[in-house]
Amino acid sequence: MKVAIIGGGAAGLAAAVKAAEKHSVTVFERSGRVGRKIMASGNGRCNLTNAALTADNYADFLKYYNCERAADTVRRFDYNALKSFFESMGLEMFSDEQGRVYPISENSGSVLDVLRVKCQKLNVKTVTDSEVVRVEKGKSSFKVMLHTGEFFFFDKVICAIGSKAQVNNFSKPDHLFGEKFEMTSLCPSLTPIKTKKMWLPLNGLRVKCNVSLFANGKKIKEEFGEVLFRDYGLSGIVIFNISSCIAGEKVKGLKNEYKIVLDLFPQFSLQELIEKLKYRAEICGKQTSTFFVGLFHNKIADAVIKKCGLGEELRNDDFKTISAFLKNITFEVQELCGYDKCQVVSGGIKFDEVDENFESKKLKGMYFVGECLDADGVCGGFNLHFAFASGIIAGSSL
């Protein structure tokens, strides 16, 4: 059987490896090389999965994914299964303290190379710089047409076209196949967040803190991590995960007012922090210009002095004002940064359009895997795992 795979990313290459065990496979990739996003993953280190995705934690998978079908896909092909898949191709891996799994080389190229070598051994044909512009289903085969005017016939087609994340001229599935597939709305996710007001002097500064997201005054998410201040707003992994929550609500059509609250001292209650600062004053003195030295970055100190309206010397009631501020630094969300900055896209083809092996219910013989589906997760290797898992399940089912 002849199988076409549209897209040479994580899902497409994983599908190619499994499908090629039994069938003749051709991968069509619009860019000059396959695996571009694999190479960019994890800041060039490729965080390909997470060690938390094991049978012991099956009930918790919805913490990492936007829907039950995405979580169930990963239950079917979990961490141990994916680890074995890559180990069988010679990839050595390790996990860090957060469970994030990387190649032992800490280079994304190692992940891509084992996939490419395996494809070569299985005689997978890879055609780069070849954009598929149309797929038509005939009585017994699919006609796959390229931007060059060339066309080819295949028995099965796996669509792994990815998403709009950092991609120009993204083609929606219904444009390719001439068939209307039910899709959600789309929204950038795992992306920096623009805020209505920003402290420009803090641009480029990083701070570890507790981050809470409020929607219309109600707390809907809380997470500890490193925040990166930018001149337009906030960034960093914890902010990316906060953006995922906002994106999920936007895809559902919810229109809320969001606020992000930073607690720079989550280990202390408000009263404990007040007492801590009072004790500090006994040691360091109450001179405002030197009181914060050794406590945090001088740029944050300058911001605290300004925002709290502190004089040259601290008064007794200033300790409560400072403590309340440090535990409730609030930013109003303006919007999420766009598709050019996001790591994934929230939304896509609804899972109702495909069966348990990702075969289209409308176009038999057509499969949808990876980012084009309505599946997205938080940072930590969860999105790449879903891409690999969905591709492997579809490729194995042929």
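Read-outs throughout are calculated quantities, based only on the coordinates presented, and are distinct from any laboratory measurement. What you see is a predicted model, and the numbers here were worked out from it, not measured in a lab. Here the Cβ positions follow ideal geometry from the backbone for every residue, glycine too, while neighbour counts run over all protein chains shown.
In this structure, Ser289 and Lys196 have a Cβ-Cβ separation that, at R0 = 41 Å, corresponds to a calculated FRET efficiency of about 0.85. Please find the FRET efficiency linking Lys276 to Lys218, where r is the Cβ-Cβ separation and R0 is fixed at 22 Å, and quote it to the nearest 0.05. Approximately 0.15, to the nearest 0.05. Between the helical axis of 237-251 and the longest alpha-carbon principal axis of the chain there is an angle of about 60 degrees. Cα-based values for segment 270-326, radius of gyration first and Dmax second, are 10.0, 25 Å. Think of each Lys and Arg Cβ as +1 and each Asp and Glu Cβ as -1; about the Cα centre, that makes the dipole of the chain roughly 660 debye. Where q = 0.19 Å⁻¹, what log10 of I(q)/I(0) comes from the Debye formula for segment 297-383, counting one point per Cα? One equal scatterer on each Cα of segment 297-383 leads to -0.93.
In a reduced charge model with +1 at each Lys and Arg Cβ and -1 at each Asp and Glu Cβ, segment 109-252 shows a dipole moment near 320 debye about its Cα centre. Placing unit charges on the Cβ atoms only, positive for Lys and Arg and negative for Asp and Glu, gives segment 270-326 a dipole magnitude near 140 debye about its Cα centre. Using the Cβ-Cβ distance between Ser31 and Ala324 with R0 = 51 Å, the FRET efficiency computed as 1/(1 + (r/R0)^6) comes to roughly 0.50. With the convex hull of its Cα atoms as the shape, the chain has an orientation-averaged projected area of 21.0 nm². Measure nothing fancy, just the Cα-based angle from helix 10-19's long axis to the longest principal axis of the chain, in degrees from 0 to 90, nearest 10. The helix 10-19 is inclined about 30 degrees to the chain. The residue among Cys119, Tyr79, Ile274 whose Cα reaches farthest toward the positive pole of the charge dipole of the chain, with charges on the beta-carbon of Lys, Arg, Asp and Glu, is Cys119.
Listed by chain and number, the lysines whose C-alpha is less than 20 Å from the C-alpha of Lys143, apart from same-chain residues fewer than 8 away, are Lys2, Lys125, Lys156, Lys172, Lys180, Lys361, Lys362, Lys364.
Using alpha carbons only, how many degrees (0 to 90, rounded to 10) separate the axis of helix 270-284 from the longest principal axis of the chain? It is inclined by approximately 60 degrees.
Under 17 Å of direct C-alpha separation, and excluding same-chain neighbours fewer than eight residues apart, Lys286 reaches these lysines: Lys276, Lys278, Lys306, Lys320.
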